[in-house]
Structures are given as structure tokens and as C-alpha cells.
Amino acid sequence: MVNTNLTGTVLERDGSVYQIATPEGTVRAVLRGKAKDEGPKVVVGDIVSLEIGEAGGLFGITAVEPRRSVLARRVPEGRGLRPVVANVDQVVVVTAAVDPAPVPQLLDRLLAIAEVNHLTAAIAINKIDLAPGDALAERFHSTGYPVYLTSAKTGEGIPELRKGLRGRASVVTGPSGAGKSSLLNAIESGLKLRVREISAKIRRGRQTTVSAIMIPLTEGGYVIDTPGFSEVGLWGVEPAELAECFPEFRPLIASCRFADCRHKQEPDCAVQQAVVTGSVRDDRYASYLALLSELESAPKPWE
Ligand SMILES: Nc1nc2c(ncn2[C@@H]2O[C@H](COP(=O)(O)OP(=O)(O)OP(=O)(O)O)[C@@H](O)[C@H]2O)c(=O)[nH]1
Ligand SMILES: [Mg+2]
Ligand SMILES: [Zn+2]
């Protein structure tokens, strides 16, 4: 067995076979030795050490480098965290302006998950050729997140989004059918990610993109396309820390009377006051309360 000291980045996984980008081109590899027995689950974006296998063809993944970041989320009703991708800086939450109808609470969840994972976030409101996304964009104004109004169909907003992805490691996430893959096809010329056929019905649990795939960008950086979903839970956050995941709440928290204020029914709560005066939107606050009650009723890891 020859150790080539080759290192690569996981682009894609198909069952037990991983596509790995290396300085010597893209290779196919399977987990081997320690990486197979005890290593963390390998995900797209991971940087791995490779060795050439005896049986030619497939390389072996022998080790996974420590991750500088990970996007992890909880499967609905599930316990524990599932890593989705590794080594990204930015999460781009994609929604359609219409078809499928946007679910603002789901978007708030995805944004909070980005915060929990210490990743910066941005929002893309797509399909603005079908309906204006302005009201939805306005909803996020006070969060400070960049909002891109796009149409993968007409190309509107694509240069701006392309600029927002340039030179960074991003992951796109959001509901199925929002147009994540279509947007990436519009951003990177020559890319032909599979997108939903016009005639296909939006059926629950059916995604067009079935697994994460990393795409290097010509202008530098890379982006990871992921399958859409309709539900997602939060996990591993202390209820008292949730408010930190809502950027417009952050400057208020220190003014609450109690240091461990959960901004629910406590007296002299700066967040509740801001909801009353309208400087915090009540729909964002409602998303916060929904996530808070989930975290408060979540089973403890040892239960
Ligand atoms: N009118 C219009 N249709 C779009 C736009 N972007 C995407 N679509 C259509 O919306 C459908 C879904 O697009 P996809 O790119 O497959 O959506 P996705 O978010 O990748 O979906 P999953 O892979 O299932 O998560 C396809 O039929 C696209 O042609 C847009 O900007 N305008
Ligand atoms: Mg897709
Ligand atoms: Zn408070």
C-alpha cells in the first residue's frame, strides 16, 4: 500500500463512495481504517487524507481534518445533531416569493441554525418574476441580513448574489422547489444541476436534489447545494441563549431586568417592550417563542 500524502476536499457522496477534489484531479474514495471505524461521519466540505488502494481505482480515506465549521441541524423529532456540510462560512437561505408559498417561520429557523453554528447568513428571495418579494424582504430588514431578490429565470439579481458568493464558502439551504439548484445554474455558467421538471408535482418528502454537492466557483470560493426540506428543528442551544440567535434582539438583551431573561413573561424585558413599540417585529418574536418552547420541552441528551 502506497501512502501518497494526498489531501482532498469532499465534493459529493454517493452511497459509500465519495468524490474528492485533489490537486491531481477528482478521485473516488471509500472510508478505510481508522476513518471507517471511529472517525466522524464524513460530509461534503470535509478535508480528508487519502491513500491509494491495493485494488487500483478507489482511493482510501484514512483521516478527516478538524473542521473549521460545520452546519448541523436536527431532523424533525430526532435527537442529536446531524452534520450537513463542513468548512463553510456562510449560509444562504433560499425561499421562493411564491410557488411554493414562503414559510417565514421556517426561514427564521434556518437563520437561527446558521447563528447557532456561528455562520453568517443571507437570504435569497427567488422567483421574483412571478411575484414581488418586497414585503418578505422588508420582514428581514431589521435583522441586518443581506437580502437578495432574484429570478433564476430572468437573471434579475443574479449578479448581486454571485458577488455575495464570490471568494467564500457558502451552503444554500431552504425549502424544496424554492429554486436553489436553478439559482446555482444561473450563477455558474456551464453548471447543469438537476432542477425539477415543470410538470412534476411538489410532493411531500420529494426533492429534486437528493444529496449535498460542492461546486467550485470560477470567480473563487465554492458553494454547496443541498436538498430541500419542509421541517427542521433546533438542538443543542441553551434556551437562555436563543435570543442571541436573533440579531435584532441582541442589542436589547443587556437591558432586560434579569440576566437570565427568556423574554417571555418576565417584567422589565427589553425585547417584549420592543415588540410593543414595533421595533422588533411580532412575527419574528413569534418564531423566537416557538423555537424557545421547543428547546424548553426537548428531551435532554441523557433522557
Ligand atoms: N418562474 C421561475 N421559476 C423558477 C425560478 N427558479 C426556479 N424555478 C423553477 O422552480 C422549480 C424548482 O426549482 P429547483 O431549482 O429544482 O428547486 P430546488 O430548491 O433546488 O429544489 P430541491 O432540489 O427539491 O430542494 C423548477 O421547475 C424551476 O424551473 C425562478 O426564478 N422563476
Ligand atoms: Mg435542488
Ligand atoms: Zn428579556
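Some notes on this structure:
- Restricting the first member to the stretch 249-272 and to residues that are closer than 19 Å to S293 by Cβ, and the second to residues that are assigned to a loop (DSSP other than H, G, I, E, B) and of a type in the set (F, W, Y), the beta-carbon pairs closer than 7 Å and six or more apart or on different chains are E266/F258; V271/F249.
- One residue stands out in the stretch 262-279 among those that are under 19 Å from T143 (Cβ atoms) and in a loop (DSSP other than H, G, I, E, B): the one that is nearest to ligand 3 (Cβ to nearest atom), namely H263.
- S182 satisfies every condition listed in (1) under 15 Å from Y222 (Cβ atoms); (2) within 13 Å of ligand 2 (Cβ to nearest atom) except (1).
- Residue ranges of helices (runs of 4 or more DSSP H) in the stretch 117-188 with at least 2 members under 16 Å from V98 (Cα atoms) and of a type outside the set (S, T, N, Q): 134-139, 180-187
- Among the conditions (1) more than 16 Å from ligand 1 (Cβ to nearest atom); (2) closer than 25 Å to A131 by Cα; (3) modelled with pLDDT under 95, the only one that I202 does not satisfy is (1).
- Applying the condition of being outside any loop (DSSP other than H, G, I, E, B) and hydrophobic (A, V, I, L, M, F, W, C) to the stretch 239-261 and asking which residue is farthest from R139 (Cα to Cα) yields A240.
The values are calculated or read from the model by the stated rules, or taken from the named source; none is laboratory data. These numbers come from a predicted model, not from an experiment. No Cβ is skipped: glycine too gets one built from the backbone with ideal geometry, and neighbour counts run over all protein chains shown.
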